[in-house]
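Peer 1: Next up is a structure, given as structure tokens.
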There are 2 protein chains.
Amino acid sequence: MGRVQTRTVDQRRVGRPRRPVLDRRRIGEAALALVDETGSFTLPELARRLGVQTPSLYHHVDGRAGIVELLREQVGLSMDAGQLDRRPWDAALRGFFRSYRAGFAAHPRVVPLLTSSAIRSPDVLAAYEKMLVLLGEVGVPRGEAMAILTACENFVIGSALDLAAPDVMWELPDDVDAPHLAAALAEQSGPDHRADNAFEFGLSTLLASIAARSSSS
Amino acid sequence: MGRVQTRTVDQRRVGRPRRPVLDRRRIGEAALALVDETGSFTLPELARRLGVQTPSLYHHVDGRAGIVELLREQVGLSMDAGQLDRRPWDAALRGFFRSYRAGFAAHPRVVPLLTSSAIRSPDVLAAYEKMLVLLGEVGVPRGEAMAILTACENFVIGSALDLAAPDVMWELPDDVDAPHLAAALAEQSGPDHRADNAFEFGLSTLLASIAARSSSS
């Protein structure tokens with residue numbers, strides 16, 4: 001907050017220099033905080049938080065879709081795209097998908113905004129390019145690559161939401177008769193790592209399926 | 001709207017009969033519409049939409065968590081839990097997960113609310129019970145059942161968000177050099193069914209993994 005106030009003082013001193021006080025990074029950070037809190041954003045709301053007029057935002061971003069891309073870049077900052085330079089391929093994908101899950105899990109309310117808007121951010125597209133290079137190296141047929149990659153991502157995104165979920169996700173009231181569910185909950189191995197266990201099981205399954213797909217090509 | 005107005009007239013005629021004008025179904029429908037539009041809800045906002053005072057809601061639901069359970073039930077109404085009575089087991093799970101994906105895809109903004117709140121709804125718990133009966137019949141070890149089921153659900157939920165996504169999900173600007181991504185997008189088989197292809201690939205992979213897990217037990 002102190003930093004924001006300092007900038008406001010600067011702004012007054014030199015007139016109305018819109019650009020110095022606003023940049024894409026600051027807009028992205030404010031938008032992420034707003035969506036984390038409220039589950040959504042509007043341009044006027046975001047402008048108010050930044051202490052600027054709404055039209056000022058348009059100097060930096062291409063309207064609502066531009067803000068969503070900033071949100072994507074902000075969330076992406078916490079992911080480790082460098083993992084995609086590792087080899088063998090499965091270590092690269094496993095490492096990246098783990099950091100992908102963690103990044104999205106920290107901002108679950110941003111997820112539906114990101115998944116409902118086309119991807120245009122160069123940094124994010126560069127990560128896709130690397131994933132496709134990996135699949136190509138493994139020998140996955142090119143025509144199947146997007147479906148396989150999308151299936152993995154769907155799983156990672158769902159797993160991120162699950163990681164953000166409560167440890168106790170099923171509450172059985174006394175009047176509900178569900179003995180199989182009760183037994184499965186009581187006997188789950190490593191209940192302290194409920195979400196991690198599910199994620200690692202699904203991730204290994206999908207990576208094994210990629211390996212199988214490549215050897216059959 | 002006509003129906004709501006009729007009820008308002010009734011309400012005036014007989015005084016202030018809170019219960020006749022409000023029921024869980026109406027609250028759930030209004031909450032779902034509110035979250036679909038805005039990505040979130042507050043109890044005062046919901047009460048305003050229903051034309052009642054906020055405390056009236058507490059006659060029907062247990063606060064915010066209660067509203068989330070109503071949302072879960074509302075979304076669940078469009079799923080076909082009857083699929084879980086089918087046999088063989090994989091037809092049951094495949095059929096149910098398809099309707100699960102469709103139900104969530106129709107309400108993508110509700111997803112983070114549902115995944116971040118414990119499940120207490122008897123109807124929803126009954127569906128879990130049936131899934132666990134199925135996994136038991138297949139021979140999945142009980143201690144692994146929750147992790148396997150959660151992995152499948154994570155995938156289905158991510159796939160629902162993907163089904164609600166644009167058909168063209170990757171936009172390559174001219175200044176982005178991503179030849180592998182461009183080729184994979186150009187050569188994907190059945191691009192008209194982008195989301196369906198990814199879903200069916202991942203679902204088949206996970207179901208095959210369940211079958212393998214059971215035969216090894």
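Read the figures in this text as sums done on the coordinates, not as results from a lab. Keep in mind that what you see is a predicted model, and the values were worked out from it rather than measured. Glycine gets a Cβ as well: all are built from the backbone with ideal geometry, and neighbour counts include every protein chain shown.
Peer 1: Let me know the shape class of the protein assembly as shown, please: from the alpha-carbon gyration tensor, a ≥ b ≥ c as square roots of the eigenvalues, rounded when a/c is under 1.5, otherwise prolate if a/b is greater than b/c, or oblate.
Peer 2: oblate
Peer 1: Hey, another quick one. By the gyration tensor of its Cα atoms, with a ≥ b ≥ c the square roots of the eigenvalues, what is the shape of chain A: rounded for a/c under 1.5, prolate for a/b over b/c, or oblate?
Peer 2: Oblate.
Peer 1: Report the charge-dipole magnitude of the protein assembly as shown in Debye, nearest 20, computed about the Cα centre from +1 at each Lys and Arg Cβ and -1 at each Asp and Glu Cβ.
Peer 2: It works out to roughly 1960 debye.
Peer 1: Just to be sure I understand the model, the point goes 7 Å from the Cα along the line to the Cβ. What's the resulting residue B:183 to residue A:211 distance in nm?
Peer 2: Going by the 7 Å Cα→Cβ label model, 2.5 nm.
Peer 1: Suppose every K and R has +1 on its Cβ and every D and E has -1 on its Cβ; what is the size of the dipole of the range A:50-197 about the Cα centre, in Debye to the nearest 20?
Peer 2: It works out to roughly 740 debye.
Peer 1: With point charges of +1 on the Cβ of Lys and Arg and -1 on the Cβ of Asp and Glu, referenced to the Cα centre of the protein assembly as shown, which listed residue (B:148, A:108, A:154) lies farthest in the positive direction of the dipole?
Peer 2: In the protein assembly as shown, that residue is A:108.
Peer 1: Measuring from centroid to centroid over Cα atoms, what is the spacing of the range A:123-192 and the range A:26-45 in Å?
Peer 2: 27 Å
Peer 1: How far apart, in nanometres, would the label points at residue B:116 and residue B:58 be if each is projected 7 angstrom from Cα along the Cα-to-Cβ direction?
Peer 2: Taking the two extended label points, one gets 2.3 nm.
Peer 1: Here's something else I'd like to know. Only Lys, Arg, Asp and Glu count, each charged at its Cβ (+1, +1, -1, -1), so figure out the dipole size of the range B:123-162 about its Cα centre, rounded to 20 debye.
Peer 2: 100 debye
Peer 1: Would you tally the net charge around residue B:189, using a Cβ to Cβ cut-off of less than 11 Å, leaving residue B:189 out, and scoring K and R as +1, D and E as -1?
Peer 2: So the environment of residue B:189 carries a net charge of -1.
Peer 1: Here is a follow-up. Can you tell me the orientation of helix A:142-163 relative to chain A, as the angle in degrees between its alpha-carbon axis and the longest Cα principal axis, to the nearest 10?
Peer 2: The answer is roughly 80 degrees.
Peer 1: Something else: Say a label goes 7 Å from Cα toward Cβ at residue A:24 in every copy; what distances in nm does this one have to the rest, shortest first?
Peer 2: The projected label point of residue A:24 is separated from its counterparts by 4.9 nm.
Peer 1: A further question on this structure: Using r as the Cβ-Cβ distance of residue B:126 and residue B:174, and R0 as 60 Å, what FRET efficiency do you calculate, to the nearest 0.05?
Peer 2: Once the sixth-power term is evaluated, E becomes 0.65.
Peer 1: Where the label is 7 Å out from Cα toward Cβ, how close does residue B:176 come to the same position in every other copy, in nm, shortest first?
Peer 2: The answer, with the shortest distance listed first, is 4.2 nm.
Peer 1: How far is residue A:94 from the same spot in each other copy, in nm, shortest first, if each label point sits 7 Å from Cα toward Cβ?
Peer 2: Label-point distances to the other copies, shortest first: 3.0 nm.
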